[in-house]
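Participant: One structure follows; several queries about it will come next.
The values are calculated or read from the model by the stated rules, or taken from the named source; none is laboratory data. Given the structure is predicted, the values throughout are model-derived calculations rather than measurements. Every residue, glycine among them, receives a Cβ derived from its backbone with ideal geometry; neighbour counts consider all protein chains shown. Only protein heavy atoms, including side chains, enter the accessible area calculation; ligands, DNA and RNA are left aside. Shrake-Rupley method; radii C 1.70, N 1.55, O 1.52, S 1.80 Å.
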Amino acid sequence: MEEVNSELDELQLYFGDDYVINDYIKIHQPTVGEIADMGEKNYFTMVTCLTAIPSDLIAQLHQMGIDWMEISDFELFCMMSRGVPFEHTKLLFGEKLDFSKFDLYLNQQNNMLVLQNADGVCIDINIYNKIVNYLRTVHGIVAKPRKAFNKMTKKIMIQEAEDNLRYNKKKPYKSMLRTLISSMVNSPGYKYNIQETRNLNIFAFMDAVQRVQVITSAQNLTLGAYMGNIDMKKVDKKQFDWMRELEDKK
């Protein structure tokens, strides 16, 4: 799981509390069941659209005549967010915030782009950063910017991205959560049944997935050490601590 951003309250994240950015924007953390009700594909497509960076969409931007290295993360968000259906975003942002109703303006005071709707709700780059930091943290998304250092590398990266896009379009959608839930409810270290899992917020569920793996690994290492089957000099002592921070597992 990605390390929790320092501006976010870890305990509130774990309990699934709403993330309040300002008087107009707050983000609801959905349960596994709410994601299922909306449709897992629809949900994660929305999250991907809102958190994408230009190097995630090299092929799509190239087909639109846009150089992915010449567009900023915020500019991409301004373009992508307004195309996400309101019936999808309302799960996270509620009934009052419809991204399709925002228009792009240039702030004359600082010459920066902003999104603003008719009610005066404004999303500038600072608000954008709060939104995406939260969504990435909750869903374990790590932004991985990629740059081309010369024309040949750039051409190869575009071709590779276009090949992957064509290949992925042919693939049927596979549920990620079904596999994880099935694995967890059949794991002796997991304490929730199917219905209880449905009521878990997504951050707590993904935390449980990793925590069960950490506990199982620590137990196996302890047993191996007791039986004399592992070389203790080659094992990081942190691996025996099943209560360690999950990011230490990286």
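Participant: Quick one: in region 61-77, of everything that is under 26 Å from I202 (Cβ atoms) and out of contact with any Phe, Trp or Tyr (no Cβ under 6 Å at 6 or more places or on another chain), which residue is least open to solvent (accessible area, probe 1.4 Å)?
Facilitator: By that ranking, first place goes to L76.
Participant: For region 110-139, which residues satisfy the criterion of being among the β-branched types (V, I, T) and not in a helix (DSSP H, G or I)?
Facilitator: Matches in region 110-139: V114, V121, I123.
Participant: Tell me the residue from V212, V142 that is under 30 Å from K26 (Cβ atoms) and either part of a loop (DSSP other than H, G, I, E, B) or not aromatic (F, W, Y) (or both), please.
Facilitator: Result: V142 is the single residue among V212, V142 that is under 30 Å from K26 (Cβ atoms) and either part of a loop (DSSP other than H, G, I, E, B) or not aromatic (F, W, Y) (or both).
Participant: Continuing with this model, one more query. Going by the conditions given, is K96 in a helix (DSSP H, G or I) and of a type in the set (K, R)?
Facilitator: No: the conditions fail for K96.
Participant: Within region 81-104, how many residues are open to solvent by less than 60 Å² (accessible area, probe 1.4 Å) and of a type in the set (D, E, K, R)?
Facilitator: 1
Participant: Do any helices (runs of 4 or more DSSP H) lying entirely in region 1-55 carry at least 3 residues that are modelled with pLDDT of 95 or more and under 30 Å from I66 (Cα atoms), and which ones are they?
Facilitator: 40-51
Participant: Hey, another quick one. For region 60-73, state whether one or more residues are of a type in the set (A, V, I, L, M), touching a residue at least 40 places away in the same chain (Cβ under 8 Å) and under 20 Å from D119 (Cβ atoms).
Facilitator: No; the residues of region 60-73 include none that is of a type in the set (A, V, I, L, M), touching a residue at least 40 places away in the same chain (Cβ under 8 Å) and under 20 Å from D119 (Cβ atoms).
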